[in-house]
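Read through the structure below, which is laid out as structure tokens, and then see the notes.
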Amino acid sequence: QESDSLSGYWGNNYKQIQAGAGNQEVWWEFEIPQEGNYKISAMWPASSSNTPTAPFMVKHSGGTAPSEQNQRVNGGKWNPIGNFNFKNDAYYVKLTDDPRITGNVIADAVRIERASGNPSDIVQANFRASPHSGSVDTRISFYNQSTGFVTDWLWDFGDGTTSTESSP
């Protein structure tokens, strides 16, 4: 069931599952754009009624790895699940209502970020503009076509204006 009664969650709400028969699952599916080591973290609102052994499962390039997390503490924070190697492919993080646990299981948010120690990424800046010409008041759009692991943009248009959008 969706809820927003506890504080310290990410976004608009979270899912709360009571310990059960092990047949309820929440999946976070994602694709890795570039091979490397990534840090997986999860957030939940903490409560004494939550489980101290939330059963997370991470699919990574070497198989799957379990990680139990105490959801009674560290609410509203990114809690490390682990560091894993991923290739350019589709993966998941799964959370279940394993019948061996006690308390509520909270499915809120998962974060995937590049871990330190990765080799330098090759970034190639590239863009296209449309239209290519026009009168002084013609609106020109810029389209980002950069490659590599780009997280931030700063466009300087030469007239004193800038943009941090990917494709302004």
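The values are calculated or read from the model by the stated rules, or taken from the named source; none is laboratory data. Values in this document were obtained by computation on a predicted structure and should not be read as measured data. Neighbour counts are summed over all protein chains in view; Cβ atoms, including those assigned to glycine, are modelled from backbone coordinates with ideal geometry. What goes into the accessible areas is simple: the full protein's heavy atoms, side chains included, and nothing from ligands, DNA or RNA. Shrake-Rupley method; radii C 1.70, N 1.55, O 1.52, S 1.80 Å.
Here is how the numbers come out for the structure above:
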{"quantity": "Residues located in the range 1-14, provided they are open to solvent by less than 90 Å² (accessible area, probe 1.4 Å) and outside any loop (DSSP other than H, G, I, E, B)", "calculated": "Ser3, Tyr14"}
{"quantity": "Output for the range 69-100, where each listed residue is under 18 Å from the mean Cα position of the chain (by Cα), under 15 Å from Gln16 (Cα atoms) and open to solvent by 70 Å² or more (accessible area, probe 1.4 Å)", "calculated": "none"}
{"quantity": "The range 114-162 - residue that is surrounded by 11 or more Cβ atoms within 10 Å (Cβ to Cβ) and within 30 Å of Met57 (Cβ to Cβ) and, of those, modelled with the highest pLDDT", "calculated": "Arg114"}
{"quantity": "Criterion: free of Cβ contacts under 8 Å to residues at least 24 places away in the same chain, open to solvent by less than 70 Å² (accessible area, probe 1.4 Å) and aliphatic (A, V, I, L, M) - qualifying residue of Ala65, Ala46", "calculated": "Ala65"}
{"quantity": "Filter result (closer than 21 Å to Val73 by Cβ and in a strand (DSSP E or B)) within the range 15-49", "calculated": "Lys15, Gln16, Ile17, Gln18, Val26, Lys39, Ile40, Ser41, Ala42, Met43"}
{"quantity": "Cross-chain or 6+ apart pairs with Cβ under 9 Å, the range 16-41 first and closer than 30 Å to Gln1 by Cβ, then among the hydroxyl-bearing types (Ser, Thr, Tyr) and open to solvent by 70 Å² or more (accessible area, probe 1.4 Å)", "calculated": "Gln16/Ser5; Ala19/Thr102; Lys39/Ser116"}
{"quantity": "Subset of the range 15-43 (residues that are among the hydrophobic types (A, V, I, L, M, F, W, C) and either surrounded by 14 or more Cβ atoms within 10 Å (Cβ to Cβ) or within 20 Å of the chain's Cα centre (by Cα) (or both))", "calculated": "Ile17, Ala19, Val26, Trp27, Trp28, Phe30, Ile32, Ile40, Ala42, Met43"}
{"quantity": "Val58 being assigned to a loop (DSSP other than H, G, I, E, B), of a type in the set (A, V, I, L, M, F, W, C) and either modelled with pLDDT under 90 or under 19 Å from Arg111 (Cβ atoms) (or both)", "calculated": "no"}
{"quantity": "Boolean, Arg100 is assigned to a loop (DSSP other than H, G, I, E, B) and at pLDDT 90 or above", "calculated": "no"}
